[in-house]
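First up is the structure itself, then whatever we jot down about it.
All of the numbers you see were taken from the coordinates with simple rules; none came from a lab. Model, not experiment: these values are computed from the prediction. Every residue, glycine as well, gets a Cβ built from its backbone with ideal geometry; the counts of neighbours run over all protein chains shown.
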Amino acid sequence: MTTRAQRGGSGPDGFSGARAAEIVGISYRQLDYWARTDLVRPSLVDANGSGTRRRYSYTDLLELRVIKSLLDAGIKLENVREIFANLREHLDGDITSANLVIEGATAVLIQSDGELIDLVKRGQGVLNVLPLAGVRQEMDARIRELHPEPGTATVTRLAAGS
């Protein structure tokens, strides 16, 4: 069962660009740039000429938050693009189902079966583990904080594959 927050905040039509940026913790300008440069395009409604509004799904918000986490870990945007393209290729649907080990500009994907996949083949530095499952809890908490639902105590997890 999904909550209103996971379906899109105010209904099945998703999150507006402004609300998505607010929840993820990025500027609207960043969100717009990432959409225009195909890093993360909104999956519900994309901009189509003047006056149209993008609509982001809950899964889009999770992807945006992972990208922000990678940038916050010190990875350059061009490397984040490579990492994220490879994440999408190696993970089916739920990007929060794995962990990343970050070493400088290199990120290694640790899948649930223990398989390690080098997402970018370069860089050195201190290892940081970025558990992507935490992104879901952070996103749900942020949604509840900014847009609480009357009468709802918790945000439940999305069903697998949703």
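Remark: region 68-79, residue by residue, has Karplus-estimated 3J(HN,Hα) of 4, 4, 5, 5, 5, 7, x, 7, 5, 4, 5, 6 Hz, where x stands for each Gly or Pro and the curve is 6.51 cos²θ - 1.76 cosθ + 1.60 at θ = phi - 60°.
Neighbouring Cβ atoms within 10 Å as the yardstick, rank SER27, SER43, SER57 fewest first.
On the way: SER27 11, SER43 15, SER57 21.
So the ranking, lowest neighbour count to highest, is SER27, SER43, SER57.
Using a simple spin-label model with pseudo-atoms 7 Å out from Cα toward Cβ, ARG53 and ARG41 lie 2.1 nm apart.
With a 10 Å Cβ neighbour count serving as the proxy for reagent exposure, in which order, fewest first, do PHE84, PHE15 appear? Mind showing how you got there, number by number?
On the way: PHE84 19, PHE15 28.
The most exposed by this proxy come first: PHE84, PHE15.
In a fully extended conformation the segment linking LEU71 and ASP32 would gain 12.4 nm over its present Cα-Cα distance, using 0.36 nm per residue. Residues whose amide H falls under 5 Å from that of VAL40, counting only those 5 or more places apart or on a different chain, are ALA35, with hydrogens built in the peptide plane.
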